[in-house]
Amino acid sequence: MAKDILIVDDDKQICKILGQFCKNMGCFTNIVLAHDGAMAAAKLNNQKFDVIILDINLPKRSGIDVLKEIAENKQSVNDPANIIVISGSMEKDKMEKILAYKCRNFLVKPFDEASFQEKVLKILQTPPAPVTPPKK
């Protein structure tokens, strides 16, 4: 089955490397890149992604703001459980916000290809949460 991944990082070199990691996995049809939070939010509003790699420190809109929008928007086709947050550091206050938005996957930079692929495969192998019909 075709899989789509969104990689969001303001460092274009990191996007290129992570894109190559994804190509090496051989399971993604579309590897989409965004270099700031505003571009990421626009792409997330237009497409469902199987996996989202999201840096926290981004220009225009922070990764936490993007995550919050996904988590709080009931119409969003994207799920915070499919997000891997990446950052050079994970401060306690940021971690608390990320966890509050139902994101449970983290990688601290620098990380290697094996660690990256392990996290991505974990998301791809997790069955989607059941949809609960609205109460009448």
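Among the listed pairs LYS23/LYS74; LYS60/LYS94; LYS48/LYS122; LYS3/LYS109; LYS74/LYS109; LYS12/LYS74, a Cα-Cα separation exceeding 29 Å is found for LYS23/LYS74; LYS74/LYS109; LYS12/LYS74.
Projecting label points 7 angstrom from Cα along Cα→Cβ for ASP112 and MET95 puts them 2.3 nm apart.
From most to least packed by mean Cβ count within 10 Å, the peptides 33-41, 111-119 give 33-41, 111-119. Per residue, the chain reaches -12500 deg cm²/dmol at 222 nm when only DSSP H runs of four or more residues are counted, each adding -39500 (n - 2.57). Taking every C-alpha pair closer than 8 Å and separated by at least 6 residues, the mean separation divided by the residue count of the chain gives a relative contact order of 22 percent.
Where a number appears in this text, it was derived from the coordinates with a stated rule and is not lab data. Computed from a prediction, not measured in an experiment: that's the story for all the values here. Positions of Cβ are backbone-derived with ideal geometry, glycine not excepted, and every protein chain shown enters the neighbour counts.
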